[in-house]
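Report on the structure given below.
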Amino acid sequence: MINIKKLQLLHKLLLLSLNLSSFMNNDYMKTVFPAVCLTGILFSLFALLFTALGIMSANANLLSGYNVAGLPIEGILLCFIAPAASLYLYSFLNNRFPDNRFEKFSLSISNLLLGVCIALLFFGYLKWYTATTFFVLLTLLLYVEYKNKLRFMYRFYRAYVALLIPFYLVCIIIKNQSILIFNEKASLKLYVVHLPIEAYFYFMGMLLMTVYLFEFFKSKMAKVNG
């Protein structure tokens, strides 16, 4: 039986994500909306894949009961809410601290992360969660740093570090309450503060795609507006 209170909470979370995305003007929405939607769709597909492969399962007693191909609707909504909330903080930090002097160090950090991705792919390419996480992040980092002409990686890393605390708290709640259960066989079984190492890089990939698309659409909007 569907819990009405859980449905009401679900509705409030959706409204919150929409409010976070519309806190600026209409032009801003034209950049946020496609960035959040495209990222949400891709990572929802990953979540559906993980569910189909038995990598991820949900505790139906703690959720609304609505599912899409076995994936709880809450899991899909989270793939959209997380990018929307992350962009809110990313934009806030950019407006509050516009200094970009440390951008020159971002390439070194990205190159280090590229090495980490290659190394962990080498050891975990047979594990779905590991392979998906580091292949996606590797591809995004290579494109953003060596193909893309927009420069924003320092601001991205700053936002990522700031978001690690709420990300960690949410993940710990989900884990301790057994809301979502992950199959350890699909990961490297390397843990950083009680979370699989893949979780941190999976979130990084999600954030990087969101920020890149946001900056891409923002640059297009600036050209249109002259």
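The values are calculated or read from the model by the stated rules, or taken from the named source; none is laboratory data. As the structure is a prediction and not an experimental result, all values here were calculated from the model. Heads up, the Cβs are rebuilt from the backbone with ideal geometry, glycines too, and the neighbour counts pull from every protein chain shown.
Kindly list the number of the only condition in (1) among the aliphatic types (A, V, I, L, M); (2) in contact (Cβ under 8 Å) with a residue 12 or more places away in the chain; (3) over 15 Å from W128 (Cα atoms) that fails for I174.
It is condition (2) that I174 fails.
Return yes when L138 is closer than 30 Å to F102 by Cα, touching a residue at least 24 places away in the same chain (Cβ under 8 Å) and surrounded by 15 or more Cβ atoms within 10 Å (Cβ to Cβ) and no when it is not. Can you show your working first?
On the way: closer than 30 Å to F102 by Cα: yes; touching a residue at least 24 places away in the same chain (Cβ under 8 Å): yes; surrounded by 15 or more Cβ atoms within 10 Å (Cβ to Cβ): yes.
Spelling it out, L138 is indeed closer than 30 Å to F102 by Cα, touching a residue at least 24 places away in the same chain (Cβ under 8 Å) and surrounded by 15 or more Cβ atoms within 10 Å (Cβ to Cβ).
Please give the number of the condition E145 fails out of (1) crowded, with 16+ Cβ neighbours inside 10 Å; (2) free of Cβ contacts under 8 Å to residues at least 24 places away in the same chain.
Failing condition for E145: (2).
For the stretch 98-151, enumerate the residues that are aromatic (F, W, Y) and either part of a helix (DSSP H, G or I) or modelled with pLDDT of 95 or more (or both).
Going residue by residue through the stretch 98-151, those that are aromatic (F, W, Y) are 102, 105, 122-123, 125, 128-129, 134-135, 143, 146.
Selection gives F102, F105, F122, F123, W128, Y129, F134, F135, Y143, Y146.
Among all residue pairs at least 6 apart or on different chains, which show Cβ distances below 7 Å where the first residue, located in the stretch 33-55, is free of Cβ contacts under 8 Å to residues at least 24 places away in the same chain and of a type in the set (A, V, I, L, M, F, W, C) and the second is surrounded by 21 or more Cβ atoms within 10 Å (Cβ to Cβ) and part of a helix (DSSP H, G or I)?
F33/S21
Scan the stretch 190-226 residue by residue and report those that are closer than 19 Å to L137 by Cα and not in a helix (DSSP H, G or I). Spell out how you get there, then give the answer.
First, the residues of the stretch 190-226 that are closer than 19 Å to L137 by Cα: 190-192, 195-216.
Selection gives L190, Y191, V192, L195, P196.
Does G75 count as modelled with pLDDT of 85 or more and of a type in the set (G, A, S)?
Working: modelled with pLDDT of 85 or more: no; of a type in the set (G, A, S): yes.
Taking the combined requirement at face value, the residue does not satisfy it.
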